[in-house]
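Have a look at the structure below before the remarks.
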Amino acid sequence: MCFIFLNMERCLAWSIEYNTRACKTLEACGFKKGGVVRNTSLVNGRKWNSLHFDILHEEYLNIRENLLRKTLGEKLDEYLKKHCGLAKNFE
C-alpha cells in the first residue's frame, strides 16, 4: 500500500528482538535491518531492544517484478497491460 497507493519512497517496520519470526519474515519480504534501539521494551521484567527495518520503493519494485516474472513467465507483459495500465520491456 505505501508504494502503490501512497507513493512513498520508504516503508518502515520494527519488531522486538525476541520476536525472531517477525524479523525473519520482514527480511524474507525484502526489508533490511536499519538499526537497533536499545532497551525500548520491558517484557516480564526484562529489557528488550527494538529492531528497525526498511525497504525502499525501488527495492520493492525489483522484488515484485522478479516474483511476477517467476510466476507469470511469458504472460508478464499481458498482465502489466491489463492490471497496471502499463507495459514495460523487461530484458
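The values are calculated or read from the model by the stated rules, or taken from the named source; none is laboratory data. Quantities reported herein were computed from a predicted structural model and do not represent experimental measurements. Reconstructed Cβ throughout: ideal geometry from the backbone, glycine too, with neighbour counts over all protein chains shown.
Points worth noting:
- Taking every residue in segment 31-50 that is on the phi < 0 side of the Ramachandran plot and free of Cβ contacts under 8 Å to residues at least 24 places away in the same chain and pairing it with any residue that is exposed (fewer than 13 other Cβ atoms within 10 Å of the Cβ) and in a strand (DSSP E or B), at least 6 positions away or on another chain, the pairs with Cβ-Cβ distances below 6 Å are 47/39.
- For segment 22-32, the criterion of a residue being loosely packed, with under 14 Cβ neighbours inside 10 Å, touching a helix residue (DSSP H, G or I) at 6+ places or on another chain (Cβ under 9 Å) and among the basic types (Lys, Arg) is satisfied by at least one position.
- Failed criterion for residue 71 (all others in (1) in a helix (DSSP H, G or I); (2) of a type in the set (Ser, Thr, Tyr); (3) surrounded by 13 or more Cβ atoms within 10 Å (Cβ to Cβ) hold): (3)
- The requirement of being over 30 Å from residue 80 (Cβ atoms), in contact with a helix residue (DSSP H, G or I) (Cβ under 7 Å, 6 or more places away or on another chain) and of a type in the set (Ser, Thr, Tyr) is fulfilled somewhere in segment 5-17, by at least one residue.
- Residue match in segment 48-57 (condition: assigned to a helix (DSSP H, G or I) and either modelled with pLDDT of 95 or more or surrounded by 14 or more Cβ atoms within 10 Å (Cβ to Cβ) (or both)): yes
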